[in-house]
Amino acid sequence: MSGGRPAPTGLRLLAEDEEDLKILSAAVQDSILRLGDLNFDARGRAFTAALNRFRWEGERPERVRAMLRFDGVLAARSQNLRQGADEAIVDLLAVEFAPGEPPGGDIRLILAGGGEMRLAVEQIEARLMDVSDPWPARRRPEHGDG
């Protein structure tokens, strides 16, 4: 038995189809991340993103550090993201699936300002896991009517 703090309990989601991915997308909507925290491991065929997730399921405005992982990733491409801008902060708006040759296709991480990461996947296999205790957020994200 260790004398350290117990691991934080938080949201843990597994997405294996389009419906699951929609739930995961809602959970990561308005997450904030650094471009340097996006990582494609071609050898391991995995894509990970460390993010500060807004806890939509919470009663108070809070954020939590979370890890988002996609497995079975064949390729990763970015669009409208400046290469080498590892310290740039972006907002994650949604995660979507564009079907291809079943059961594969492209997973799209849609970022504010027109940026996007597109992951060619063998099939949908995504995990989201909170990895810290929550902290107070300054405010609840707001969305316009458009």
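The values are calculated or read from the model by the stated rules, or taken from the named source; none is laboratory data. All values reported here derive from a predicted model rather than from experimental measurement. FYI the Cβ positions are ideal-geometry reconstructions off the backbone, even for glycines, and counts take in every protein chain you see.
Things to note:
- Filtering Leu128, Leu119 for residues that are surrounded by 14 or more Cβ atoms within 10 Å (Cβ to Cβ), over 19 Å from Ser78 (Cβ atoms) and either touching a helix residue (DSSP H, G or I) at 6+ places or on another chain (Cβ under 8 Å) or not charged (D, E, K, R) (or both) leaves a single hit, Leu128.
- When we screen Met117, Met129, Met67 for residues that are among the hydrophobic types (A, V, I, L, M, F, W, C) and touching a Lys or Arg at 6+ places or on another chain (Cβ under 6 Å), the only hit is Met129.
- For the stretch 94-114, the set of residues classified as modelled with pLDDT under 95 and within 19 Å of Arg34 (Cβ to Cβ) consists of Ala112, Gly113, Gly114, listed by residue number.
- Residue within the stretch 63-79 that is surrounded by fewer than 15 Cβ atoms within 10 Å (Cβ to Cβ), of a type in the set (A, V, I, L, M, F, W, C), modelled with pLDDT of 95 or more and assigned to a strand (DSSP E or B) present: yes
- Residue, nearest to the chain's Cα centre (by Cα), within the stretch 51-62, restricted to residues that are in contact (Cβ under 8 Å) with a residue 40 or more places away in the chain and crowded, with 17+ Cβ neighbours inside 10 Å: Leu51
- Candidates Leu51, Leu81, filtered to the one that is within 18 Å of Ala126 (Cα to Cα) and of a type outside the set (Gly, Ala, Ser): Leu51
- Of all residues in the stretch 105-134, those satisfying the criterion of being touching a residue at least 24 places away in the same chain (Cβ under 8 Å) and outside any strand (DSSP E or B) are Gly113, Gly114, Gly115, Glu122, Gln123, Ile124, Glu125, Val131, Ser132, Asp133, Pro134.
- Of all residues in the stretch 115-131, those that are farther than 15 Å from Leu33 by Cα and over 13 Å from the mean Cα position of the chain (by Cα) total 5.
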